[in-house]
1. Determine the pairs where a residue that is more than 7 Å from chain A (Cβ to nearest Cβ) and in a loop (DSSP other than H, G, I, E, B), located within the stretch B:75-90, has a partner that is open to solvent by less than 10 Å² (accessible area, probe 1.4 Å) and not β-branched (Val, Ile, Thr) with Cβ atoms under 6 Å apart, the partner being 6 or more residues away or on another chain.
2. Looking at the stretch B:47-59, can you tell me whether even one residue there is assigned by TED's automatic domain parsing to the domain that holds B:Thr209, polar (S, T, N, Q) and in a strand (DSSP E or B)?
3. Applying the selection to the stretch A:215-234, what residues are in a helix (DSSP H, G or I) and either of a type in the set (S, T, N, Q) or outside the structural domain of A:Leu309 (by TED's automatic domain parsing) (or both)?
4. Return the residues of the stretch A:404-428 that are surrounded by fewer than 17 Cβ atoms within 10 Å (Cβ to Cβ) and away from chain B (no Cβ under 14 Å); say none if nothing qualifies.
5. Scanning the stretch A:1-30 for residues that are more than 11 Å from chain B (Cβ to nearest Cβ) and free of Cβ contacts under 8 Å to residues at least 60 places away in the same chain, which turns out most open to solvent (accessible area, probe 1.4 Å)?
6. Just to be sure before I move on: is A:Thr328 hydroxyl-bearing (Ser, Thr, Tyr), open to solvent by less than 40 Å² (accessible area, probe 1.4 Å) and in the same structural domain as A:Lys417 (by TED's automatic domain parsing) in the structure I sent?
7. Those residues that are at the interface with another protein chain (Cβ under 7 Å from one of its Cβ atoms) and either over 18 Å from B:Ser137 (Cα atoms) or not in a helix (DSSP H, G or I) (or both), I need them from the stretch B:91-114; list them, please.
8. For the stretch A:177-200, does any single residue satisfy the condition of being within 12 Å of chain B (Cβ to nearest Cβ) and small (Gly, Ala, Ser)?
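The values are calculated or read from the model by the stated rules, or taken from the named source; none is laboratory data. In this text the structure is predicted, and so the values were computed from the model without any measurement. Methodologically, a virtual Cβ is constructed for each residue, glycine included, from the backbone with ideal geometry; neighbour enumeration extends over all protein chains shown. Quick note on the areas: whole protein, heavy atoms, side chains included, nothing else; ligands and nucleic acids left out. Shrake-Rupley method; radii C 1.70, N 1.55, O 1.52, S 1.80 Å.
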Amino acid sequence: MDFGKVFLVLKREYLTRVRTKSFILSTLLTPLAFIAMMAIVIYVSISDGEVTRTVAVIDQTEVLYNNLEELDPARYSDASSLPLDSVRAQVLAGDVDGYIILTEDNISYTEKPTLVYGGAGGISFIESVESDVRRVLREERLARSNVSTEVREIFETRYNIDSLKLTEEGEEEDNAIVGAVFGFILGLLIFIGVFGYGAVLMRSVIEEKTNRIVEVIASSVKPIELMTGKLLGICVLALTQFGIWIVSYIGLSLAAAPVATMFVDAQMSNIPPEAVEASASFDPSKLEAFIVDPTIFLFFFVFFIIGFLIYAGIFAAIGAAVDSEQDTQQFMMPVMIPIFIAYFLNLRVMENPDSTIAVVASMFPLTAPINMISRIAATDVPILQIITSLLLMSVTFVGLMWLAAKIYRVGILMYGKKPSYKELAKWIRQG
Amino acid sequence: MEIIHLEEVSKAFGKNKAVSDVSFSVEKGRIFGLLGPNGAGKTTTIRMINNILAPDTGSITINGQTASPATQKMIGYMPEERGLYKKMKVGEQLLYLTQLKGMETSAAKKAINFWLDRFGATDWKKKEVSELSKGMSQKIQFIATIAHDPDIYIFDEPFSGLDPINSETLKEVIIDLRSQGKTILFSTHRMEQVEQMCDDICLFNKGKTVLQGDLREVKSSFGKNTINLEFEGDGSFLDKLEGVRINNRSTNFAEIRVLNGQNMQEILHLAIDHAEIHKFERVQPSLNEIFISTVGEDNLKNEEVA
């Protein structure tokens, strides 16, 4: 292979694409879109859903309704004086979402209360009504039993635990959840990167074919040099984008806590001391959880590069086998299946990074690029597993590349009918 | 001196034998025409000379070296289906393609500027190819082929898709290149261009060479067995002639190839009886006639249908 020529091809591929509007915009806008998406997710999970579901309460005990109203005045309305038929009519008309009859038997729990509703609202609606009702019933029962305040406090306490991770350096605050989510996001980035930039490579190969320039290039460069140059050029393009994102992330995560502290301190000095306690619920140092060990990014780049190389060869071969993008679909299936399996498995890996399925997925070369990085971020992966995974991936890369190069070589000069898998096999034997 | 030499070259794609046992040589400083109907194996042969495809058997040598990346640099190749990157600027594109042929950046820039200037295309340097007209991009394509100053030029069907003015320009450039001692090989199925330009020809049919050599020798070997007849009046007498093949027939002209050594005077007598004869000339057959009689009419008809 003439690496001078490979470099020329790489340079062209990179420079023509790095200057395109779509690359610049996606580099700038993706992080913004991501932040916006996170904000929406957080907003939705904090706010009680976008619609308030209402429940008419027919209270035969004369004490429970007041307590319910205190919990959520927007949700509960008093229908104790109305006849049951008209309440049912209201539910059917959609004026309220459901009704519940509360009796003395419910307080003694000799009978379960029943929520009758119109079908809208789903599980979260039922669960929130259940927890509200449970709470008022329990409080009423405790009040009637004349238990001491101490016992009532015991019942009202919500027990949580803190977790610390023991390392050589001592105890550290454990960010298992941040780690798992972070790992998932890194896996997602590799998924998007391999798939998105694989498609860019494929289109680039098709473009050279439909432009008919490929024959001119082939009279100067070996097909394998052309393919290698294009593949590396696009790999460097992807690394540029990820590099920009990661450097901004590191910068932001390092700056977030000090900057936030500065703002909070500045505010504190201006407000009266009695208000300080209220605002103390926000602790700027919590933002430090977003600072991650930068070695994870090193792993990220290694796994992305090998993962990209594994899939990119196939994408290039598909591009060479067809004349237009519409024809690629039948060949895309075998590529999409493992990569989507890896994506879906990634949720399981995030939940339980040490489970057998997570370990297997992080070793199997076609899913490893995505699933191993998630595991590394979420848990302590034995170094032997990482090495095995890298070795298996490298072997797969070499094998797939060898096949892809043969298809590519024949394909770039073939026009006309879309080849079948049988013909592709023939091309491989020919090469 | 032989600059391109093919020795018993064969190439098959699956069961289809595209080229079988082809041997020919191209002499330095000559214009060599590769003729033949579509599908005769011309493009495959050209691709093998360019080291884009490898022959199954046989050998190809360029300037004494086996076809390889090193020999690719000696050749400027313009394929039949021309193409450029549409979204790339003309200057950058030419630089890229010239560098791929192994030229140093500064030398490449100089050569590109020279040719852009010569074709009056300097203003296009910063334009994307998609902004250019077809004629303009054909010129850019041509510059891309020749900018690295190779010794050998290979054009696959160079005149297809060219308007008469560009055709004429291309013809002049090709003849000019030969006068500089360069070697040109081109394929075509347009005979008049071959007759006007080529020193040597090689005729392909069904993957084999069926005729080759110096164009004049080839033609004289067929003898003066053709009549160019110009007349005025009813031309229907031509249909009564037997043992002849009539090419290029129009209302007052016919090129008559006499088969089986028939007496040409009889044809003249018949003509005088039916029409006013302006010209009766005994000549060598046209290349078109040679092409037809060598390849066989059936093949040509098939080609026309295709």
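1. B:Glu80/B:Asp156
2. In the first step, residues of the stretch B:47-59 are kept if they are assigned by TED's automatic domain parsing to the domain that holds B:Thr209; the result is B:47-59.
Add one more test, that the residue is polar (S, T, N, Q), and what stays is B:50-51, B:57, B:59.
Retained after the next criterion (residues that are in a strand (DSSP E or B)): B:57, B:59.
Yes: one or more hits.
3. First, the residues of the stretch A:215-234 that are in a helix (DSSP H, G or I): A:215-218, A:223-234.
Within the stretch A:215-234, just A:Thr228 meets the criteria.
4. Once the filter is applied, which keeps residues that are surrounded by fewer than 17 Cβ atoms within 10 Å (Cβ to Cβ) and away from chain B (no Cβ under 14 Å), the stretch A:404-428 yields A:Lys418, A:Tyr421.
5. Among those residues, the one meeting the criterion is A:Lys21.
6. Numbers: hydroxyl-bearing (Ser, Thr, Tyr): yes; open to solvent by less than 40 Å² (accessible area, probe 1.4 Å): yes; in the same structural domain as A:Lys417 (by TED's automatic domain parsing): yes.
Against the criterion (hydroxyl-bearing (Ser, Thr, Tyr), open to solvent by less than 40 Å² (accessible area, probe 1.4 Å) and in the same structural domain as A:Lys417 (by TED's automatic domain parsing)), A:Thr328 qualifies.
7. Initial filter on the stretch B:91-114 (at the interface with another protein chain (Cβ under 7 Å from one of its Cβ atoms)): B:96-97, B:99-101.
The answer is B:Gln99, B:Leu100, B:Lys101.
8. Step one: list which residues in the stretch A:177-200 are within 12 Å of chain B (Cβ to nearest Cβ), which gives none.
Within the stretch A:177-200, none of the residues are within 12 Å of chain B (Cβ to nearest Cβ) and small (Gly, Ala, Ser).
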